[in-house]
1. Comparing 150, 89, 48, which has the greatest mean-square fluctuation in the GNM of the chain with Cα pairs linked when under 10 Å apart?
2. What angle do you read, to the nearest 10 degrees and between 0 and 90, between the alpha-carbon axis of helix 181-208 and the longest principal axis of the chain?
3. So for each of 101-109, 217-225, 264-272 I average, over its residues, the number of other beta carbons within 10 Å; can you give me the resulting order with the highest mean first?
4. Determine the per residue accessible area of segment 38-177 with all protein chains present and a 1.4 angstrom probe, expressed in square angstrom.
5. How big is the Kirkwood radius of the chain, worked out from every pair of different alpha carbons and given in Å to one decimal?
6. Round to the nearest 10 and give me the degree value, 0 to 90, for the angle of helix 290-314's Cα axis relative to the longest principal axis of the chain.
7. Find the centroid of the Cα atoms in segment 115-188 and in segment 210-279, then give the distance between the two in whole Å.
8. What does the charge dipole of segment 1-160 about its Cα centre add up to, to the nearest 20 debye, if the Cβ of each Lys and Arg holds +1 and the Cβ of each Asp and Glu holds -1?
Amino acid sequence: MAMIEQRITWSELRTRAQGLRTRSLKAGEAGLSIRVTDVLEILPLPYDPEPLPDDATTEEIAEAEREPLDFAEDVLKRHGVRSRPAPSDAGVDGVVVLRPSNRFALQGAIAIAVIALLGAGVASKIGFVILAPVAVVGVWLIWTQTTRIDRFVPRIVPRGRILGALLMIILLGITMVMAVQPARKWARNRGNVANAVALSVQAEAQLNAGDLGGARASVDQALQFAPQLGQVQATSQKLMVAQINANTNAQINGQAAAQAAYDRAEADFAAEKWQQAIAEMAALGGFSDAPARLALFRNTAAVATLKLAQQALVAGDAQKAFTLYSTAMTYDPTARNQALIKRISKALNTNS
């Protein structure tokens, strides 16, 4: 019965790669010289490679032979170990020198820093200005303080690009919370105050020019920017007083205008300008006793016009009498005189 080969687990692979890194650290500047076959034995493929077809080309065969070598090199890079030469270049029978390197962590840190700074440059100038030196510090830490960082970072974290990226993410994240967000809030508040002050000054100028509507719009916008700002509150109070005065003046002016119209209507009524007096008094609506005076105007005008109609009828002008009677009814229909209209109708029929 054929035995099934047990593949190495990823956790065991990580442990072995960390062991190689530890051995290369202890080897010092000279590095750890090790045969490629030993590297492949320590870091084998954790998966079954894809089988080659029967008609595989020379290139496909060579690629399949390089797969374990390339995989081992990738694992070493992931854990911060540089191989010189690369296992694929040395070949299965070759020897390579392993040294710990911060180059891969540096690559991860720079990649995250570039992405963060590009995003900050688009979203916020303040964020870019604050994050840029922090990113530089993060790169400097990876470049010069890798040994110290290695002491504090949990062993589960690979010492390659993941370490650099993770460190940069932590540094930039803390900076965003502790510095960028407060700075942006401060700048936003400062901008809001500046806008509110400018709108307040604009509202003051509009008030001085008598433009209450424009001043109201400016104050409303200023209150949206900085509702608690003293200058905005003061301008709002001035606007309120101006509006109250304007309403009071409008009421006073309206009363004065209505009284003047009332007096004109009375004068026209005294001059027996019935139509004009009635129109002027009707336009006053409920002012003072205008409704009662209007009723009197209408009745008086109707009665006076009916007398003129009677006079015209006596003078033999039935047509004029009919016209005057019709005019009287437009003044006050309740003043109708049935006897008079019958006499006028009879006279009109006789004349016809």
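The values are calculated or read from the model by the stated rules, or taken from the named source; none is laboratory data. Computed from a predicted model, the values in this text were never measured in an experiment. Using ideal geometry, Cβ is built from the backbone for each residue, glycine included, and neighbour counts are taken over all protein chains shown. Keep in mind that these areas ignore ligands, DNA and RNA; they rest on the heavy atoms of the full protein, side chains included. Shrake-Rupley method; radii C 1.70, N 1.55, O 1.52, S 1.80 Å.
1. Result: 48 has the largest fluctuation of those listed.
2. For helix 181-208, the angle is close to 20 degrees.
3. In descending order of packing, they fall as 101-109, 217-225, 264-272.
4. On the way: 8000 Å² over 140 residues.
Normalised by residue count, the accessible surface of segment 38-177 is 57 Å².
5. Evaluated on the chain, it is 31.2 Å.
6. So the helix axis and the longest Cα principal axis differ by about 40 degrees.
7. 62 Å
8. On the way: 19 positive and 20 negative charges, 345 e Å.
For segment 1-160, the charge dipole is close to 1660 debye.
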